[in-house]
Amino acid sequence: MLRGIPPEASRENLRGILEILRKENRQIIVVGMVAPPNYGPEYKAQFDAIFPELAKEFDAAYIPSFFVPLMEFGLGSEELRAVMQYDGIHPNPKGVSMIVEYIGPILEQVLLP
C-alpha cells in the first residue's frame, strides 16, 4: 500500500500466501491494515476491505489492526504521543507492550487451543 500498488494486486498476493497456509493445514490469523486517505477514497475503500474479506474467505481469525489498543487515544493526544516514537507513526516500547498485551491472548487462543 505504501508504494501505491493496486489493491487487487495486494489482495491476490495475500490470497496466494493464505492458500499455501491452508494447504499446509496451518492456523491463519489475518491482521488488517488501513490505507491513509491520501490515495483517495476509492483506493482506501478497496484496500481496507482486503483483510476482513480474506479472513472471512479463509475462515481465519481476524485482528483489525496491530494498533487497536492505541486507537483508544485521540489523534494528537498526549496519551498517544506517550506511546509513539517521535515520528508519530511507529510505537515506542510502551506502545509495543500494549500491542503485545492485546494480540498475545488472541494468538494463544488461536495457535494453542
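What follows draws every value from the coordinates through simple rules; no lab data is involved. Computed from a prediction, not measured in an experiment: that's the story for all the values here. No Cβ is skipped: glycine too gets one built from the backbone with ideal geometry, and neighbour counts run over all protein chains shown.
Cβ crowding within 10 Å, taken as a proxy for footprinting-reagent exposure, orders Val110, Val83 from fewest neighbours to most as Val110, Val83. A cut-off of 5 Å between modelled amide H atoms, ignoring neighbours fewer than 5 places along the same chain, links Ala35 with Asp48. Taking amide H atoms as placed 1.01 Å from N in the peptide plane, the amide H of Asn92 lies under 5 Å from those of Met84, Gln85, each 5 or more residues away in sequence or on another chain. Residue-wise HN-Hα couplings along the range 68-84, as the Karplus relation 6.51 cos²θ - 1.76 cosθ + 1.60 with θ = phi - 60° gives them from phi, are 3, x, 8, 6, 5, 7, x, 4, x, 6, 4, 4, 5, 4, 6, 10, 10 Hz; Gly and Pro carry x. Considering only Ala45, Asn25, Leu14, and ranking their Cα positions along the charge dipole of the range 1-62 that arises from unit charges at the beta-carbon of Lys, Arg, Asp and Glu, the one farthest toward the positive end is Asn25. Each residue of the range 19-27 was assigned a 3J(HN,Hα) from its phi angle through the Karplus curve 6.51 cos²θ - 1.76 cosθ + 1.60 (θ = phi - 60°); the sequence is 5, 4, 4, 5, 4, 8, 6, 8, 6 Hz, with glycine and proline shown as x.
Taking only DSSP H segments of four or more residues, each worth -39500 (n - 2.57), what value at 222 nm results for the chain once the sum is divided by all its residues, to the nearest 500 deg cm²/dmol? Before the final figure, lay out the partial values.
Details: 4 runs with 57 residues, N = 113.
It comes out at -16500 deg cm²/dmol, rounded to the nearest 500.
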